[in-house]
Amino acid sequence: MASPTAASESNISHQKTDTAIDIEHVVVADDPRQWSYARKMTILCIVSLATLLSTMSSNIQNPSNTLIQEDLHATNSQISLTLSAFQLTQGNVPLLWSAASEIKGRKPVYLVSSALFVIGSAVLASSKTIEVMIVMRVLQAAGSSAAISISAATLADIYDPHERGTRMGIFFAAPVLGPALGPIIGGSLSQVFNWRATFYCMLICGAVIFLSFLILFKDTYRQERSLMYRSALQRLAASKEPVQSGNESTISEQDSSTPGKDTEKQLEPLDIMDAVPVLISTPRPNVLRLSIRDVNPFPPYFRILSRKNNVFILIANGLILGFTFCLSYTCARTLADKYGYDAFKTGLVLLCLGVGSVAGSVIGGRWSDRVLASKKAANGGKWSAEMRLDSSKVIMLWLPLSVIGYAWVCEKHVNVGVVCTMLVLIGFTSTWMYSCTLAYLVDANPGRSSTAVATNSSFRGTLAFASVMTAVPLQDALGDGGLYTAWAGMLVVMELSVLLVIRKGESWRTESEQRELKSRN
């Protein structure tokens with residue numbers, strides 16, 4: 001007997017249709033959107049903790065760098081490489097994890113990546129040479145990056161668009177707290193024990209996350225709500241070979257040799273066109289298996305980048321996160337050099353940035369849902385992804401002003417209490433902006449949410465790498481006042497790009513969808 005999923009899709013028949021498919025709400029078996037509140041919150045907590053660990057691991061070694069350098073006889077450039085290689089790897093490997101999650105589902109990817117993180121942390125804790133440490137930091141970054149790349153997609157699997165802003169805000173509070181907690185934990189462990197204790201801590205935390213995914217996490221991925229899966233269905237239709245729902249074979253060799261349009265070009269987002277008169281009974285999700293051809297990460301990556309609205313938001317997100325990584329790195333130097341703070345006191349000050357970020361994430365996420373609901377009601381129940389971005393307008397003035405305030409407070413060596421206040425404001429305003437733009441990126445790319453978030457991670461990692469590598473020379477040349485006044489100007493440009501997407505994003509998306517449909521046909 002065919003599954004509910006198969007039954008729901010077996011009505012693809014002889015006639016052509018221009019009916020738009022709401023891929024967000026395609027009927028699936030065991031719909032994650034219908035799960036209990038407790039199960040959803042369990043999933044939310046697990047992925048939040050996993051991303052907290054991922055972001056915390058990025059800078060937890062910073063207070064121990066001097067100890068590591070002395071113990072392993074490393075150079076300054078080698079220590080810098082352990083940090084920059086981590087950021088670059090963590091930013092770009094998610095493209096592969098995203099593709100893998102479309103083949104095997106979310107849970108297997110979480111388990112494999114968590115295992116890699118545990119292995120990397122274990123070897124790091126016992127490293128005898130700096131070369132081993134660099135390689136293991138790369139492995140650790142690769143393992144930690146999966147949670148960053150597919151966690152937002154996991155939340156998209158279980159929450160409807162109208163509640164994503166709130167849930168994204170709650171979720172994002174954990175990873176933004178990680179960079180603030182990392183120096184405190186790392187500095188404390190290094191002072192009480194030694195630098196290796198930092199990575200033993202990562203090992204224990206990674207093992208707990210692995211067990212949580214193994215025991216408590218239920219896979220949220222449903223192929224029928226994936227554009228990649230629907231591309232495979234489109235090729236089956238084009239092959240003119242009806243597929244029985246009980247057939248255990250995979251996509252046939254004849255199908256795989258079908259003259260090759262790019263798989264992403266064969267299916268317009270939110271549209272399924274039955275151009276070939278053929279009756280198909282859709283296989284159950286465990287029958288129709290996607291191949292590497294279907295989930296090649298690069299065509300979807302470039303498809304995300306082919307839309308102007310995505311590009312502007314990706315650049316905006318990259319600038320926000322590049323700024324925050326630069327801030328964390330240079331603030332630690334300022335506190336050590338100009339205020340004479342040790343690693344633990346520096347961590348406490350940086351915690352102010354984390355506190356502001358958590359507040360901005362939670363409040364900003366809730367506000368974005370409220371704004372979206374209000375605009376949807378005023379528009380007769382119709383909505384567009386760009387409506388969510390309106391919630392960022394209220395904070396736009398305050399972000400560059402708080403950055404300029406921080407710049408000159410540090411430049412003039414004002415009391416550290418004022419520095420802490422500026423860090424809270426920066427964390428609050430920057431994360432409010434980011435929570436809105438990240439939720440928009442998911443809403444604007446239905447069926448491709450994991451690819452969109454992975455592309456965002458790539459931008460984030462690349463710009464973070466660039467900002468960290470140039471932070472110290474620029475700080476030495478310009479001082480905190482000049483450096484962060486320049487950053488304030490770049491953040492104004494970022495905000496202008498968001499305003500442009502609010503104004504033009506919907507028409508850009510429509511143009512892109514029509515262009516993709518024409519190229520497919």
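Filter segment 56-74 down to residues that are open to solvent by 20 Å² or more (accessible area, probe 1.4 Å) and modelled with pLDDT of 80 or more and give me whichever is farthest from Ala173 (Cα to Cα). Can you show your working first?
Initial filter on segment 56-74 (open to solvent by 20 Å² or more (accessible area, probe 1.4 Å)): 62-63, 65-67, 69-71, 73.
Now restrict to residues that are modelled with pLDDT of 80 or more: 67, 69-71, 73.
Details: Leu67: 31, Gln69: 33, Glu70: 35, Asp71: 35, His73: 37 Å.
Per the criteria, the residue is His73.
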Next on the checklist: Looking at segment 138-152 only, could you name the residues that are open to solvent by 10 Å² or more (accessible area, probe 1.4 Å), in contact (Cβ under 8 Å) with a residue 24 or more places away in the chain and under 19 Å from Ile79 (Cα atoms)?
Outcome noted: Val138, Ala142
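Among the listed residues Gly405, Gly417, Gly479, Gly427, which satisfies the condition of being assigned to a helix (DSSP H, G or I) and within 22 Å of the chain's Cα centre (by Cα)?
On the way: Gly405 fails: within 22 Å of the chain's Cα centre (by Cα); Gly417 fails: within 22 Å of the chain's Cα centre (by Cα); Gly479 fails: within 22 Å of the chain's Cα centre (by Cα).
The unique qualifying residue is Gly427.
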Checklist outcome for this item: Expected single match for farther than 27 Å from Leu351 by Cβ, touching a residue at least 40 places away in the same chain (Cβ under 8 Å), touching a helix residue (DSSP H, G or I) at 6+ places or on another chain (Cβ under 7 Å) and open to solvent by less than 50 Å² (accessible area, probe 1.4 Å) among Leu441, Leu517 is Leu441
Item to check | Per-region count, segment 374-391, residues surrounded by fewer than 21 Cβ atoms within 10 Å (Cβ to Cβ) and under 30 Å from Leu353 (Cα atoms) | outcome: 1
Checklist entry - So Ser3 clears everything in (1) open to solvent by less than 30 Å² (accessible area, probe 1.4 Å); (2) at pLDDT 75 or above; (3) on the phi < 0 side of the Ramachandran plot except one condition, right? Which one? => result (2)
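Please find, among Leu203, Leu227, Leu189, the residue that is within 24 Å of the chain's Cα centre (by Cα) and at pLDDT 75 or above. Step through it out loud before you land on a result.
Details: Leu227 fails: at pLDDT 75 or above; Leu189 fails: within 24 Å of the chain's Cα centre (by Cα).
Among Leu203, Leu227, Leu189, only Leu203 is within 24 Å of the chain's Cα centre (by Cα) and at pLDDT 75 or above.
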Item to check | Residue among Ala471, Ala452, Ala477, Ala466 that alone is open to solvent by less than 10 Å² (accessible area, probe 1.4 Å) and more than 21 Å from Val349 (Cα to Cα) | outcome: Ala452
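State yes or no: is Val394 open to solvent by 10 Å² or more (accessible area, probe 1.4 Å) and either of a type in the set (Ser, Thr, Tyr) or assigned to a helix (DSSP H, G or I) (or both)? Write out each step before concluding.
Numbers: open to solvent by 10 Å² or more (accessible area, probe 1.4 Å): yes; either of a type in the set (Ser, Thr, Tyr) or assigned to a helix (DSSP H, G or I) (or both): yes.
Yes: the conditions hold for Val394.
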Checklist entry - If you check every pair at least six apart or on different chains, which have Cβ atoms under 7 Å apart with a residue in segment 109-137 that is farther than 26 Å from Val47 by Cα first and a residue that is outside any helix (DSSP H, G or I) and open to solvent by less than 30 Å² (accessible area, probe 1.4 Å) second? => result Ile130/Ala74; Met133/Ser127
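Going by what's in this entry, would Trp367 be described as over 26 Å from Asn65 (Cα atoms), hydrophobic (A, V, I, L, M, F, W, C) and either in a helix (DSSP H, G or I) or touching a strand residue (DSSP E or B) at 6+ places or on another chain (Cβ under 7 Å) (or both)?
Numbers: over 26 Å from Asn65 (Cα atoms): yes; hydrophobic (A, V, I, L, M, F, W, C): yes; either in a helix (DSSP H, G or I) or touching a strand residue (DSSP E or B) at 6+ places or on another chain (Cβ under 7 Å) (or both): yes.
It is true that Trp367 is over 26 Å from Asn65 (Cα atoms), hydrophobic (A, V, I, L, M, F, W, C) and either in a helix (DSSP H, G or I) or touching a strand residue (DSSP E or B) at 6+ places or on another chain (Cβ under 7 Å) (or both).
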Item to check | Sole exception among (1) touching a residue at least 12 places away in the same chain (Cβ under 8 Å); (2) open to solvent by 70 Å² or more (accessible area, probe 1.4 Å) for Val362, by number | outcome: (2)
Checklist entry - Going through segment 177-196 one residue at a time, which ones are open to solvent by less than 20 Å² (accessible area, probe 1.4 Å) and aliphatic (A, V, I, L, M)? => result Ala180
Checklist outcome for this item: Only one of (1) touching a helix residue (DSSP H, G or I) at 6+ places or on another chain (Cβ under 6 Å); (2) modelled with pLDDT of 80 or more does not apply to Thr470, and that is (1)
Checklist entry - Based on what the data block shows, is Tyr341 touching a helix residue (DSSP H, G or I) at 6+ places or on another chain (Cβ under 8 Å) and open to solvent by less than 20 Å² (accessible area, probe 1.4 Å)? => result no
Next on the checklist: Condition (residue is aromatic (Phe, Trp, Tyr), out of contact with any Ser or Thr (no Cβ under 6 Å at 6 or more places or on another chain), open to solvent by less than 50 Å² (accessible area, probe 1.4 Å) and closer than 30 Å to Gly405 by Cβ) applied to segment 486-493: is it met by at least one residue?
Outcome noted: yes
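Can you pull out the residues in segment 338-349 that are under 28 Å from the mean Cα position of the chain (by Cα) and at pLDDT below 80? Before the answer, list the steps.
Within segment 338-349, the first condition is being under 28 Å from the mean Cα position of the chain (by Cα), and the residues that meet it are 346-349.
Those that are under 28 Å from the mean Cα position of the chain (by Cα) and at pLDDT below 80: Thr346, Gly347.
Which one is surrounded by the fewest Cβ atoms within 10 Å (Cβ to Cβ), of the residues in segment 423-438 that are among the β-branched types (Val, Ile, Thr) and out of contact with any Phe, Trp or Tyr (no Cβ under 8 Å at 6 or more places or on another chain)? Let's see the steps before the verdict.
So the first thing to find is which residues in segment 423-438 are among the β-branched types (Val, Ile, Thr), and the list is 424, 426, 429, 431, 437.
Of the ones still in play, those that are also out of contact with any Phe, Trp or Tyr (no Cβ under 8 Å at 6 or more places or on another chain) are 424, 437.
Values: Val424: 20, Thr437: 24.
Top of the filtered list is Val424.
The values are calculated or read from the model by the stated rules, or taken from the named source; none is laboratory data. This structure is a prediction, so every number in the text was calculated from the model and none was measured. Neighbour counts run over all protein chains shown; Cβ positions are idealised from the backbone, glycine included. Ligands, DNA and RNA are excluded from the accessible area calculation, which covers all protein heavy atoms including side chains. Shrake-Rupley method; radii C 1.70, N 1.55, O 1.52, S 1.80 Å.
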